[in-house]
Amino acid sequence: MATRVLVVDDALFMRKVLSDILKREGMEIAGEADNGKAAIDKFTELKPDLVTMDIVMPKVGEIDGGLAALKEIIKLDPNAKVVMVSAMGQHALVVEAIQAGAKDFIVKPFQAARVSQALKKVLSGESSAA
Amino acid sequence: MPENTQSQGGHHLDVLKEIGTMGAGRAATALSEMISAEVTISVPDAQLIRSEDFSKTIARPNEAYLVLVIMLEGELGGRVFFMVSPSEARLLGSLLLGMPPEQVNFEDPLFQSSIKEALNIIVGAYMMALSELTGFEIMFSIPYLAMDILTAVFIADQTPQKSEELIYIKTELTVKGHNFGGSFVFFPDIPSIKKILNALGMEVPKALQEKLSKDEKPNG
């Protein structure tokens with residue numbers, strides 16, 4: 001059974017690029033979200049095997065970006081597998097995300113090999129937790 | 001030729017050029033990964049210029065550009081702009097979306113998203129170079145993409161305590177035989193321009209120092 005992934009990014013183009021990589025890896029796109037609040041709602045509804053979460057996204061309601069959404073998802077499911085998506089220079093946010101429960105991170109622009117490596121590592125139960 | 005601070009010493013230009021070279025190199029690598037094609041760069045043109053001279057610096061100042069606008073947060077404040085001409089945006093969009101340039105539709109949300117993300121990644125490359133050379137941690141707001149003549153974009157900029165000096169880096173990239181140019185403009189706030197110059201070991205030009213001293217005095 002294919003791994004079901006929830007792809008979260010406020011950029012339509014990035015959701016497409018990442019989804020194309022994931023599909024080539026044999027994964028199924030369970031759903032997409034373009035902000036943290038929608039990500040939490042979709043996570044609850046779809047119960048994906050894995051979530052890719054952009055770190056910086058517009059605030060919607062009380063949820064300000066991917067870091068806030070991650071924390072809410074971890075509260076809902078401490079075993080949730082969330083991989084953060086960051087841009088260059090967001091090291092501090094990545095560290096905070098890992099400490100909050102994210103399993104790994106990938107950096108834009110995506111290298112398909114790096115994405116594949118990170119997701120396989122997370123699905124096998126490994127993480128980048130400090 | 002617009003007046004700039006070049007006459008006040010070549011050292012700071014070398015440093016700015018280093019930011020440009022490092023940033024452009026990383027930007028070329030990032031762009032190459034996005035479009036799965038080789039990207040080469042020219043040696044960038046880097047200047048510290050007065051904002052009033054900016055329109056004399058760029059080609060076609062009265063034409064519309066696509067401009068990515070990002071507000072800085074953290075240890076350095078101000079605004080960053082990265083601008084490309086519509087023809088360059090069309091070329092970049094065609095490479096990102098894998099379609100002929102003539103099929104690129106500026107109204108297409110996917111095209112707009114692709115340009116915004118590509119320029120955001122390129123800006124990140126330049127800002128990482130600045131961060132590494134200055135030691136400051138630089139954080140960004142969520143960017144927005146505007147298409148307008150540059151003076152309109154700059155007038156709309158509400159950066160508080162905006163300095164009158166800006167860092168301008170013009171870069172030429174070559175992708176699949178096409179030349180693609182972009183301009184990076186960093187409009188720091190007043191405290192930040194001084195922090196940057198000090199961190200880069202650049203002597204603050206006397207005229208700028210006097211201005212900074214005057215602007216830092218409380219109004220009264």
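Once the Cβ-Cβ distance between B:K176 and B:S141 is put in as r, and R0 is 45 Å, what FRET efficiency do you end up with, to the nearest 0.05?
Efficiency at R0 = 45 Å is approximately 0.85.
Label chain A by shape, choosing from rounded, prolate and oblate, from the square roots a ≥ b ≥ c of the eigenvalues of the Cα gyration tensor; if a/c is under 1.5 it is rounded, and otherwise prolate applies when a/b is larger than b/c, oblate when it is not.
The shape class here is rounded.
Tell me, what ³J(HN,Hα) does each residue in the stretch B:22-28 have, in order and in whole Hz, if you take phi through Karplus 6.51 cos²θ - 1.76 cosθ + 1.60 with θ = phi - 60° and put x for Gly and Pro?
Each residue of the stretch B:22-28 in turn: 5, x, 5, x, 5, 4, 5 Hz.
Sum up the charges of everything whose Cβ sits under 13 Å from the Cβ of A:A113, counting Lys and Arg as +1 and Asp and Glu as -1, but leave A:A113 out.
+2
Averaged over B:107-117, how many beta carbons belonging to a partner chain fall within 10 Å of each residue's beta carbon?
4
Which order, highest average first, do B:176-183, A:104-111, B:62-69 follow once you tally other Cβ atoms within 10 Å for each residue and take the mean per peptide?
So the peptides B:176-183, A:104-111, B:62-69, ranked by packing, come out A:104-111, B:62-69, B:176-183.
Take the Cβ-Cβ distance between B:Q103 and A:N79 as r, set R0 to 41 Å, and report the resulting FRET efficiency rounded to the nearest 0.05.
E between B:Q103 and A:N79, to the nearest 0.05, is 0.35.
Tally Lys/Arg at +1 and Asp/Glu at -1 over every other residue whose Cβ is under 10 Å from the Cβ of B:V185; what's the total?
Taking every other residue near B:V185 into account, the sum is +2.
Can you list the residues, at least 5 places off or on another chain, whose amide H is less than 5 Å from the amide H of B:F140, using H built in the peptide plane?
B:E73
Which ³J(HN,Hα) values in Hz, rounded to whole numbers, follow from the phi angles of the stretch A:5-10 under the Karplus curve 6.51 cos²θ - 1.76 cosθ + 1.60, where θ = phi - 60° and Gly and Pro get x?
After applying 6.51 cos²θ - 1.76 cosθ + 1.60, I find 10, 9, 9, 10, 6, 6 Hz.
Between A:V85 and residues 5 or more places away or on another chain, which pairs have amide H atoms under 5 Å apart, with H built 1.01 Å from N, and which residues are they?
Answer set, sorted by chain and number: A:M53, A:D54, A:I55, A:I106.
Which distance in Å, rounded to a whole number, links the C-alpha centroids of the stretch A:7-33 and the stretch B:22-49?
27
Given the options A:E32, A:E96, A:E72, which has the most mean-square fluctuation in a GNM of chain A, springs set between C-alpha atoms less than 10 angstrom apart?
For chain A, modelled as a Gaussian network with Cα springs under 10 Å, the answer is A:E96.
Please give the average number of partner chain Cβ atoms lying within 10 Å of the Cβ of each residue in A:110-116, rounded to a whole number.
1
What does the net charge come to around B:T29 if you take all other residues with beta carbon closer than 14 Å to its beta carbon, with K and R at +1 and D and E at -1?
Taking every Cβ under 14 Å from that of B:T29, the sum is +1.
Using the Karplus equation 6.51 cos²θ - 1.76 cosθ + 1.60 (θ = phi - 60°), what ³J(HN,Hα) coupling, rounded to whole Hz, does each residue of the stretch B:112-122 give in order, writing x for Gly and Pro?
Going residue by residue, I get 4, 5, 5, 5, 4, 5, 4, 5, 4, 5, 5 Hz, with x marking Gly and Pro.
Computed from the coordinates by the stated procedures, all read-outs in this text should not be read as laboratory data. This structure is a prediction, so every number in the text was calculated from the model and none was measured. Please note: Cβ atoms are built from the backbone with ideal geometry, for glycine as well, and neighbour counts cover all protein chains shown.
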